[in-house]
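Any read-out appearing in this document is the output of simple, stated calculations on the displayed coordinates, not a laboratory observation. The structure presented is a predicted model; accordingly, all values stated were derived computationally and were not measured. All Cβ positions, even for glycine, are placed from backbone atoms using ideal geometry, and neighbour counts span all protein chains on display.
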Amino acid sequence: MRRRLYFVLPDVTTAKTVHDELLLARIEERHMHFLARDDQDLRGLPAAGLLQKTDVVHGTQMGFTIGGATGIVMGILTTMFFFAEYNISGLVVLWMAAAGAIIGAWSSSMIAVNVPNSRLRAFQKDIETGHVLLMVDVPASRTEEISDAIRKHHPEADMHGVEPTIPAFP
């Protein structure tokens, strides 16, 4: 399991130095995500992608849950009114739940892809003033080691906490 660490770095030069140090600490580039203003040049740094910038993960989870629950309710109502005399009521509820979950996840992810990540609201002011946000996903066992190393070598880097869990697929 991985933990996401958040650091606000003062400038792009510091971000490049921290990037190199994380590579030396054997943190893969695919686990580093840098976010800055559009006018700042992050060339050579792994930029934050769609999964980090938007609420698509949260939206998909919510759509899956709400769509599945709605499918279960619709499946129960369908079997009560249309399939009461048949022995397939469990199957109808199962198929309606699955269809509701899939449609809910898809439709809410399409909406959430246009919504800024709510977890990054706290960093918006820092980003607008020219700072660089680093999101780095590290193994849970190395959380202290990596955060201490960054703070030791870069006291100007401001640590903004640890996200307890991150999704396994991004």
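Take every Cα pair under 8 Å whose residues are at least 6 apart in sequence, average their separation, divide by the length of the range 1-82, and the relative contact order is 19 percent. Placing pseudo-labels 7 Å out from each Cα toward the beta carbon at Asp41 and Thr65 gives an inter-label distance of 4.4 nm. Largest GNM mean-square fluctuation across Glu28, Glu144, Glu85, computed for the chain with C-alpha springs under 10 Å, falls on Glu85. Rounded to the nearest 10 degrees, the inclination of helix 89-112 to the longest alpha-carbon principal axis of the chain is 30 degrees.
Taking the chain as a Gaussian network of alpha-carbon nodes connected by springs under 10 Å, the highest mean-square fluctuation of the residues Thr129, Thr143, Thr60 belongs to Thr129.
Comparing Met135, Met159, Met80 in a Gaussian network model of the chain, where Cα atoms under 10 Å apart are tied by springs, the biggest mean-square fluctuation is seen for Met80. Mean sequence separation of contacting Cα pairs (under 8 Å, at least six apart), scaled by the length of the chain, corresponds to a relative contact order of 45 percent. Per-residue Cβ neighbour counts within 10 Å put Ser107, Ser89, Ser118 in the sequence Ser118, Ser107, Ser89, beginning with the fewest.
For the range 56-112, the pair-distance distribution built from all alpha carbon pairs, in bins 10 Å wide starting at 0, is 31, 40, 21, 8, 0 percent.
In this simple spin-label model, placing a label point 7 Å from the Cα along the Cα-to-Cβ direction at both Arg119 and Glu29 gives a separation of 2.3 nm.
Here is how the number arises for the chain: DSSP H runs of 4 or more residues each give -39500 (n - 2.57), the sum is divided by the residue count, and the result at 222 nm is -15500 deg cm²/dmol. For the range 68-118, the list of chymotrypsin sites (Phe, Trp or Tyr not before Pro) that fall in a loop by DSSP and count at most 16 other C-beta atoms within 10 angstrom reads Phe82, Phe83, Tyr86.
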